[in-house]
1. Can you find, within the range A:4-21, the residue that is nearest to A:THR71 (Cα to Cα) among those that are more than 7 Å from every other protein chain (Cβ to nearest Cβ) and in contact with a helix residue (DSSP H, G or I) (Cβ under 6 Å, 6 or more places away or on another chain)?
2. Using the structure shown, decide if B:TRP30 is buried (at least 17 other Cβ atoms within 10 Å of the Cβ) and either on the phi > 0 side of the Ramachandran plot or not aliphatic (A, V, I, L, M) (or both).
3. Against the definition (crowded, with 22+ Cβ neighbours inside 10 Å and facing chain B (nearest Cβ under 9 Å)), how does A:ALA92 come out, yes or no?
4. Can you work out which of the residues in the range B:33-82 that are closer than 19 Å to A:LEU69 by Cα and among the small types (Gly, Ala, Ser) is surrounded by the fewest Cβ atoms within 10 Å (Cβ to Cβ)?
5. Please verify whether B:GLY114 is closer than 17 Å to A:THR12 by Cα and assigned to a strand (DSSP E or B), treating the condition exactly as stated.
6. Residues of the range B:113-145 being buried (at least 21 other Cβ atoms within 10 Å of the Cβ), among the acidic types (Asp, Glu) and within 8 Å of chain A (Cβ to nearest Cβ), which ones?
7. Looking at the range A:30-96, what strands (runs of 3 or more DSSP E) fall wholly within it and have at least 1 residues that are touching a residue at least 12 places away in the same chain (Cβ under 8 Å), in contact with a Ser or Thr (Cβ under 6 Å, 6 or more places away or on another chain) and outside the structural domain of A:PHE116 (by TED's automatic domain parsing)?
There are 2 protein chains.
Amino acid sequence: MSLSRQRITLVTLGVADMARARRFYEGWGWVPHGGSQPGVTFYQMNGAVLALFGLGDLAADQGRPSAALGTGAVALAQNCGDDAETDAVFQAAVDAGATALKHPEKVFWGGYSGYFADPDGHVWEIATNPFWPLSRDGSLTLPPA
Amino acid sequence: MSLSRQRITLVTLGVADMARARRFYEGWGWVPHGGSQPGVTFYQMNGAVLALFGLGDLAADQGRPSAALGTGAVALAQNCGDDAETDAVFQAAVDAGATALKHPEKVFWGGYSGYFADPDGHVWEIATNPFWPLSRDGSLTLPPA
């Protein structure tokens, strides 16, 4: 079998405290998959999966159990249908325990964007991009150049 | 408009050297979107986008220009159709300049998995998971629990 190289199947976030991380994601509105196990929680997305996994377990799985894993240099963006939805999604995350890094505002490239950090420091951008229309299911196919 | 909460539209990787990062991803087989701009490179995936963006620009965009952003606690997994493909995809990444963290091997949960770091330290897992069949386009819908 040979699949396209341009795929991410699973995004795993290392978390220091699974209960705290789940409270955040589920407080923000995510619903875990029934196949989640002790030590790992899965959330189905559009054709891919978000996972929460213990930070030490993740380092060990990477073959470097004593590594101190860092956050911040990866941003996960969730684009919304309009600015009001961006505001509401951002506020829902803050209400669930996120730390606002930058509240949504008009940005130089013509969109509307804010950033927050989840309880482990993982960074999310919540944004409206008028140049990138979303499909009905929320997926994104870039317009022709 | 109100879309499912369980979505990632865009995964942005902060990079210290865009030319080096592009050499790696394109050497690994990714094809940039024609709408990429100086300072940002986009790669279309299945309904979502991978972006490379300057590390300093990303910190500034997050509203904390002087932050030192870290890597490692997010793992991006690309699941393959079989172990031979996992080996080939892993080796192609190493050949393109990735640092092997753990070569693919049989793992306790019944799959076959390896990890590498890209030139900026972003971590990818290349894996076969016999319990999670992929769709023909490489997307993943978790089986019922």
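The values are calculated or read from the model by the stated rules, or taken from the named source; none is laboratory data. As the structure is a computational prediction, the values presented were derived from the model and not from experiment. Here the Cβ positions follow ideal geometry from the backbone for every residue, glycine too, while neighbour counts run over all protein chains shown.
1. Residues of the range A:4-21 that are more than 7 Å from every other protein chain (Cβ to nearest Cβ), as a first pass: A:15-21.
From what's left, in contact with a helix residue (DSSP H, G or I) (Cβ under 6 Å, 6 or more places away or on another chain): A:15-16.
Values: A:VAL15: 10, A:ALA16: 12 Å.
For the range A:4-21, the residue satisfying everything is A:VAL15.
2. On the way: buried (at least 17 other Cβ atoms within 10 Å of the Cβ): yes; either on the phi > 0 side of the Ramachandran plot or not aliphatic (A, V, I, L, M) (or both): yes.
Criteria met by B:TRP30.
3. On the way: crowded, with 22+ Cβ neighbours inside 10 Å: no; facing chain B (nearest Cβ under 9 Å): yes.
So A:ALA92 does not fit the description; no.
4. Our first condition is that a residue be closer than 19 Å to A:LEU69 by Cα; within the range B:33-82, this holds for B:55, B:58-59, B:67-77.
Filter once more, keeping what is among the small types (Gly, Ala, Ser): B:59, B:67-68, B:70, B:72-73, B:75, B:77.
On the way: B:ALA59: 20, B:ALA67: 17, B:ALA68: 10, B:GLY70: 17, B:GLY72: 23, B:ALA73: 26, B:ALA75: 23, B:ALA77: 23.
For the range B:33-82, the residue satisfying everything is B:ALA68.
5. Numbers: closer than 17 Å to A:THR12 by Cα: yes; assigned to a strand (DSSP E or B): yes.
Against the criterion (closer than 17 Å to A:THR12 by Cα and assigned to a strand (DSSP E or B)), B:GLY114 qualifies.
6. B:GLU125
7. Numbers: elements: A:40-44, A:49-54, A:74-79.
It comes to A:49-54.
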